[in-house]
Amino acid sequence: MKYYSTNNNAPLVNLHEAVVKGLAPDRGLYMPETIKSLPCSFFDSIDKLSFQEIAYTVADALFGEDIDGDCLRKIVYDTLNFECPVVKVSDNIYTLELFHGPTLAFKDVGARFMARLLQYFINKENATEGRQQQVNVLVATSGDTGSAVANGFLGVDGIHVYVLYPKGKVSAIQESQFVTLGRNITAIEVDGVFDDCQTLVKNAFMDEELNSRLKLTSANSINVARFLPQSFYYFNAYAQMKRAGLEKDLVICVPSGNFGNICAALIAKRMGLPVKRFIAANNSNDVFLHYLNTGNYEPQPSIQTVANAMDVGAPSNFARILDLYGKSHSAITQDISGFAYDDEQIKAGMRQCHDLYGYVLDPHGACGWLALRQGLDEHEVGVFCETAHPAKFKQTVDGTIKADIPIPKRLAAFMKGQKQSVPMPNSFEAFKELLLS
Ligand SMILES: *Cc1c(COP(=O)(O)O)cnc(C)c1O
């Protein structure tokens, strides 16, 4: 399978190159040149298959041409060592809980898959070149990405991860998920803000000396190896709905920031998944909603909200959505509608859902619940993604629903761990020295 760049100004590449490069040289996003449909027989019997079996069938259609079958199966089965259950919230409204992975957020699926796929390609490179070169993954984080990537790559042979994060700007819960790991993970506490961390990483990729001495790559969320595997759990959600006899007129609602997660759902539909339509739920960063309403895409500076993983003013995956629909606004609005909520509405939604149904939402999932309530027609059944466990946002959740929600064991375990980050000034020279040491 070849991958093209959404900017249409870069050569086609194979999966290996798309994964190692992340971003195309023309700064576009890689997209598969063709998207295979899965046969009707697969959907007819999907309710008899396990999550891992379903995911492997989907992975084989996406990646099967480029990876040996047994290796791909192992990558898929290793990635999905946790469940993504669909849970009833109220009549016609269900939630796809994506927070049962190691860092309690949906990004675990993509990060775990990418780590294993990268390892597969690195091993192949080392075997043909007859050497053992380590690959260094550089990632800047304002919180969530760092934990998913660090844990996704934890203990993966041949790969070392450097997580750069801004000192004092990341919540204690988030920080604990990547500074306590050790092993092949180095957390670097930068005396600066998130943008400084991002600049240090970008400069490292452009530095000739570093690149001649070290093998560097990024684990950015736009990487095809992180974005495409997110389609697995939509197929599995459909299987669960079918088991319950609720798969007709299915609407999927995704709380969205960079629009990678919803884009994976759109790919799933393109592969044949019988979903009627989609709803994109936003916080006050409503650039996509504005596009749906007007046909004009006008990126904005991001606005800080309680659903901070969705604070994106220029969603990178917008380019992928445009391409999927031949750049047609009417085709896009036929399949996707949108709603946006400010902080007060998000908190009111969390309270209402808790009071009425006893279900505790995190601020991101709350946008999804609100949008589904607002956008679902009577005869439809809706599933919204719960993208993170509410305990990751304990302060907001407790304050909003006046409760003291329990912290799951695996989150508490991170918080008990010893902080092992390396303090560093906001200086490229210092970063370079650290990488070369
Ligand atoms: C990253 C994230 C989102 C947004 O997902 P996109 O793929 O960027 O649209 C939503 N909720 C949570 C909890 C996240 O971490």
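The values are calculated or read from the model by the stated rules, or taken from the named source; none is laboratory data. The structure displayed is predicted, hence computed values, not measured ones. Don't worry about glycine lacking a Cβ; one is built from the backbone with ideal geometry, like all the others, and counts go over all protein chains shown. Accessible surface areas use protein heavy atoms only, side chains included; no ligands, DNA or RNA. Shrake-Rupley method; radii C 1.70, N 1.55, O 1.52, S 1.80 Å.
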Please work out which residue is nearest to residue 112 (Cα to Cα), limiting yourself to the stretch 200-233 and to residues that are more than 16 Å from the ligand (Cβ to nearest atom) and assigned to a loop (DSSP other than H, G, I, E, B).
214
Exactly one of (1) over 23 Å from residue 244 (Cα atoms); (2) more than 15 Å from the ligand (Cβ to nearest atom); (3) open to solvent by less than 30 Å² (accessible area, probe 1.4 Å) is unmet by residue 402. Its number?
(3)
Candidates 338, 349, 368 - the one that is within 16 Å of the ligand (Cβ to nearest atom), in a helix (DSSP H, G or I) and touching a strand residue (DSSP E or B) at 6+ places or on another chain (Cβ under 7 Å)
368
Looking at (1) crowded, with 21+ Cβ neighbours inside 10 Å; (2) within 16 Å of the ligand (Cβ to nearest atom); (3) over 14 Å from residue 112 (Cα atoms), which is the one condition that is false for residue 236?
(2)
How many residues are modelled with pLDDT under 90 and closer than 19 Å to residue 174 by Cα when one looks only at the stretch 197-223?
4
Residue count for the stretch 311-347, restricted to those that are in contact with a Leu (Cβ under 9 Å, 6 or more places away or on another chain), closer than 25 Å to residue 145 by Cα and of a type in the set (Asp, Glu)
0
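Name the residue that is farthest from residue 85 (Cα to Cα), counting only residues in the stretch 371-391 that are of a type outside the set (Asp, Glu) and within 14 Å of the ligand (Cβ to nearest atom). Lay out the reasoning, then the answer.
Pass one, the stretch 371-391, residues of a type outside the set (Asp, Glu): 371-376, 379, 381-385, 387-391.
Within this subset, residues satisfying the condition of being within 14 Å of the ligand (Cβ to nearest atom) are 371, 384-385, 387-391.
Numbers: 371: 20, 384: 12, 385: 10, 387: 12, 388: 13, 389: 13, 390: 16, 391: 18 Å.
Only one residue fits best here, namely 371.
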I'd like the full set of residues that are touching a helix residue (DSSP H, G or I) at 6+ places or on another chain (Cβ under 7 Å) and either modelled with pLDDT of 95 or more or outside any helix (DSSP H, G or I) (or both), limited to the stretch 407-421.
407, 408, 417, 419, 420, 421
I need the full set of residues from the stretch 67-76 which are in contact (Cβ under 8 Å) with a residue 24 or more places away in the chain and buried (at least 18 other Cβ atoms within 10 Å of the Cβ), in order please.
67, 75, 76
Kindly indicate whether any position in the stretch 166-184 is closer than 23 Å to residue 259 by Cα and either more than 16 Å from the ligand (Cβ to nearest atom) or open to solvent by 10 Å² or more (accessible area, probe 1.4 Å) (or both).
yes
Only one of 115, 105 is in contact with a strand residue (DSSP E or B) (Cβ under 9 Å, 6 or more places away or on another chain), within 21 Å of residue 141 (Cα to Cα), more than 16 Å from the ligand (Cβ to nearest atom) and open to solvent by less than 30 Å² (accessible area, probe 1.4 Å), namely 115
Could you list, in sequence order, the residues of the stretch 294-328 that are touching a helix residue (DSSP H, G or I) at 6+ places or on another chain (Cβ under 8 Å), away from the ligand (no atom under 13 Å from the Cβ) and not polar (S, T, N, Q)?
295, 297, 298, 299, 322, 324, 325
Name every residue in the stretch 41-66 that is without any contact (Cβ under 8 Å) to a residue 12 or more places away in the chain and not in a loop (DSSP other than H, G, I, E, B), in order of residue number.
41, 44, 48, 53
Take residue 385 and tell me if it is in a helix (DSSP H, G or I) and surrounded by 15 or more Cβ atoms within 10 Å (Cβ to Cβ).
no
Return the residue satisfying two criteria in turn: it lies in the stretch 82-106 and is touching a Leu at 6+ places or on another chain (Cβ under 7 Å) and in a loop (DSSP other than H, G, I, E, B), and of such residues it is farthest from residue 149 (Cα to Cα).
92
Residues that are of a type outside the set (A, V, I, L, M), over 13 Å from residue 220 (Cβ atoms) and in a strand (DSSP E or B), drawn from the stretch 19-34:
32
Being more than 10 Å from the chain's Cα centre (by Cα) and either among the aliphatic types (A, V, I, L, M) or more than 6 Å from the ligand (Cβ to nearest atom) (or both) is the filter here, so list the residues in the stretch 250-264 that pass it.
250, 251, 252, 253, 254, 263
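Would the stretch 374-385 turn up any residue that is over 23 Å from residue 242 (Cβ atoms), within 22 Å of the chain's Cα centre (by Cα) and modelled with pLDDT of 95 or more? Break it down into steps so the answer makes sense when it comes.
First, the residues of the stretch 374-385 that are over 23 Å from residue 242 (Cβ atoms): 374.
Cutting the leftovers down to within 22 Å of the chain's Cα centre (by Cα) gives us none.
No: the stretch 374-385 contains no residue that is over 23 Å from residue 242 (Cβ atoms), within 22 Å of the chain's Cα centre (by Cα) and modelled with pLDDT of 95 or more.
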